[in-house]
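Scroll down for the structure; my scribbles are underneath it.
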Amino acid sequence: MDAVVVAIVLTPALFLWAVRLARRGEYTRHRNLQTTLLGVLLTAVVLFEVDIRLSGGTEAFLAGSPHLGSPLLTWLLRVHVLVAVASFSLWCYLVAHAWRARMDLHPQLFTTAHRRRGYVVFAGTVFTAVSGVWLYWLGFVA
């Protein structure tokens, strides 16, 4: 659990680093960092989901929280998952498209749409990080 929280908190900073690489024209490094970051997060989230399922589901996982069943925790969990899945899906699309188009070798294929979608993904990672820390606080600290 702690590893997942650390991973989602570091994601926006690493994402910004990747954007800086692209702005400096280091497209291959940008692509490789984005791909690695996406892979590490996918692994962390899959392991986290397996842990939740093996512990009996979300309610069993959060059984020690005084906020279990509260409207705030329920709403926050739903919105967190919705934004995280949407952002992650768009991020997967962007990475796959960049690999297919070989944008690192052909920067002229870089489009405004790629940049805008990247900003949407970044906003999603920031929201996911903030809401993830809030969920961690409500579920395990408070």
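Just so it is clear, none of the values below were taken in a lab; they were calculated from the coordinates. Everything numeric in this text was worked out from a predicted model, so none of it was measured. Backbone-built Cβ (ideal geometry, glycine too); neighbour counts: all protein chains shown.
Observations, loosely collected:
- Which label in (i) 1.04; (ii) 0.95; (iii) 1.21 gives the computed Rg/Rh (Cα atoms, Kirkwood Rh): (i)
- The residues neighbouring V81, those whose beta-carbon lies less than 15 Å from its own, together hold a net charge of 0 under the Lys/Arg +1, Asp/Glu -1 convention.
- Toward the positive end of the charge dipole of the chain, with +1 on the Cβ of Lys and Arg and -1 on the Cβ of Asp and Glu, the farthest Cα among G57, L135, G25 is that of G25.
- Helix 27-54 and the longest principal axis of the C-alpha atoms of the chain enclose an angle of approximately 20°.
- For region 2-141: relative contact order, % (alpha-carbon pairs under 8 angstrom, 6 or more apart): 39 percent
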